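Before any comments, here is the structure.
Read-outs: derived from the displayed coordinates by stated rules, not from any lab. Quick caveat: nothing in here was measured; it's all calculated off a predicted structure. When we count neighbours, we look across all protein chains shown, and the Cβ atoms used for this are built from the backbone with ideal geometry, even at glycine.
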Amino acid sequence: MKILLTGGAGYIGSHTAVELLNSGHEVIIADNYSNSKPEIIDKIREITGKRIKAYEADCCEYNQMKQLLSNEKIDAVIHFAGYKAVGESVEKPLKYYRNNLDSAITMIELIKEFNITNFVFSSSATVYGDSAPPCDETMNTGCTNPYGWTKYMIEQIVRDVSVAWPEFSGVLLRYFNPIGAHKSGLIGEKNNGIPNNLMPYITKVASGELEKLSVFGCDYPTPDGTGVRDYIHVVDLAKGHVKAIEYAADNKGAEVINLGTGRGYSVLEIIKAFEKVNEININYKIVERRPGDIAEMCADARKAKRVLDWEAKESLEDMCKDSWRWEQNC
Ligand code: UFG
């Protein structure tokens, strides 16, 4: 298939581009580079040795995207493009609602116009709110921040479109906590400024760029008191997209699928694993809880196995090793 990746130069998009190319698909990237760099396209070429075409384009701009779709005969779209900083979304909710909803609606309008029936959307486990883990796809949803609500609303839009457009197939992928990087060390997560997420912060402490990691709270009802999350290697996550878009091509309707490992690790377990596998000491201190955080989040990953024949393969050690390799290279 010829697959358009919106936001394809970003962290998850670039890894997905590599896996799609390695699986024999053709990839077209559309990115406005608001949170990524055009150089990533060359890295994807370098890793795969394959041809890839990229457009500098904004998914909110109907005419730009229409031009792209007129130039290329696209079979399927994976929509990654969107803002993703939880904290910023609380401070600037309209920026998030405008951009994330506008880009998704524009893309869905256009795929309807061009009769492109295969669609995959980057959703997030954040839509489970603080439901008791492990979370399966039938559980109630609700969010705690505007970023999360944009994911929730776009999921609903896709479900509604699937009712009104019987030929349409939309897969809503709920990501848990992606970490790690490609084993080549050529692509990974790029942060402008101080990272908000755990693993990028750990790697910056390891490199000496940041002095000390703050562990947010040690009094959660978890085995060691620190927050537990379902960390998933970004390459596993990318492979899940290959399965999802191939599933969309053979099916109709809207389908929600978790992409997680089904196994949670605490903050202290992550620090210890990172220290052990990379033989580096991580300087940390325990501080107050971070507002908005939940104790535990973990996927019920059985539906992905059943429906997509996909499951995460990489270990926590791989995630820690690959994150550190990328940090040293980037
Ligand atoms: N943590 C620290 N110190 C830090 C950063 C994080 O102790 O400097 C802790 C958090 O308190 C939490 C865990 O590490 O217990 C993971 O935190 P992250 O910020 O890495 O990830 P979150 O689970 O908070 O959020 C992530 C994504 C969201 C997404 C959500 C889905 O950032 O975009 O997972 O569940 F919505």
Step through the residues of the range 54-66 one at a time and calculate ³J(HN,Hα) from phi using the Karplus curve (6.51 cos²θ - 1.76 cosθ + 1.60, θ = phi - 60°), rounding each to whole Hz and writing x for Gly and Pro.
10, 10, 7, 8, 10, 5, 7, 8, 3, 5, 4, 6, 5
Say each of Glu91 and Ser34 gets a label point 7 Å from the Cα, pointing the same way as Cα to Cβ; how far apart are those two points in nm?
1.6
Exposure proxy order (Cβ contacts within 10 Å, fewest to most) of Cys298, Cys143, Cys59
Cys143, Cys298, Cys59
Whole angstrom only: what separates the Cα centroid of the range 274-322 from the Cα centroid of the range 1-78?
27
Filtering chymotrypsin sites (Phe, Trp or Tyr not before Pro) in the range 224-274 by DSSP loop and by at most 16 other Cβ atoms within 10 Å leaves none
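Can you sort Val161, Val90 by how many other beta carbons sit within 10 Å, fewest first?
With the fewest neighbours first, Val161, Val90 line up as Val90, Val161.
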Which residues does a label at Lys183 reach in the range 3-31, if reach means a backbone N under 18 Å from a point 7 Å past the Cα toward the Cβ?
15-24
If R0 is 41 Å, what FRET efficiency do you get for Ser131 and Lys2 from their C-beta distance, rounded to 0.05?
0.60
Using only the Cα atoms of the range 70-118, what do you get for the radius of gyration and for Dmax, in Å?
13.5, 40
Give me the distance between the Cα centres of the range 199-241 and the range 246-269, rounded to whole Å.
19
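To the nearest 0.05, what FRET efficiency results for Trp165 and Lys212 with a Förster distance of 51 Å applied to their C-beta separation?
Working: r = 52 Å, r/R0 = 1.02.
About 0.45, to the nearest 0.05.
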Taking Rh as the Kirkwood radius, which is the inverse of the mean 1/r over Cα pairs, what is the Rg/Rh value for the chain?
0.95
Note down the relative contact order for the range 1-143 as a percent, whole number, built from C-alpha pairs under 8 angstrom at least six residues apart.
23
Pop out the ³J(HN,Hα) list for the range 201-212 in order, Karplus 6.51 cos²θ - 1.76 cosθ + 1.60 with θ = phi - 60°, rounded to Hz; leave Gly and Pro as x.
5, 4, 5, 6, 6, 4, 7, x, 5, 10, 7, 8
Environment charge of Lys2, counting only residues whose C-beta is closer than 11 Å and scoring Lys/Arg +1, Asp/Glu -1
-1
Per-selection Kirkwood Rh - the range 2-159 (Cα, Å, 1 d.p.):
16.3
Evaluate the charge dipole of the range 132-268 about its Cα centre and quote only its size in Debye, nearest 20, assuming +1 on the Cβ of each Lys and Arg and -1 on the Cβ of each Asp and Glu.
280
If I model a spin label as a point 7 Å beyond the Cα along the Cα-Cβ vector, how far apart are those points for Val307 and Gln67 in nm?
3.7
Most positive-pole-ward Cα, Ser323, Asn71, Ile257, against dipole of the chain from beta carbon charges
Asn71
The size of the Cβ-based charge dipole (Lys, Arg +1; Asp, Glu -1) of the chain about the Cα centre, to the nearest 20 debye, is 280
In angstroms, what radius of gyration and Dmax does the range 165-273 have, counting Cα atoms only?
17.4, 55
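What's the extension gain from Asp42 to Arg263 if we count 0.36 nm per residue and subtract their Cα-Cα distance?
That works out to 76.1 nm of additional length.
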Quick one: 3J(HN,Hα) in Hz for the range 152-163, Karplus 6.51/-1.76/1.60 with θ = phi - 60°, rounded, Gly and Pro as x.
4, 5, 5, 4, 5, 4, 5, 4, 5, 5, 5, 6
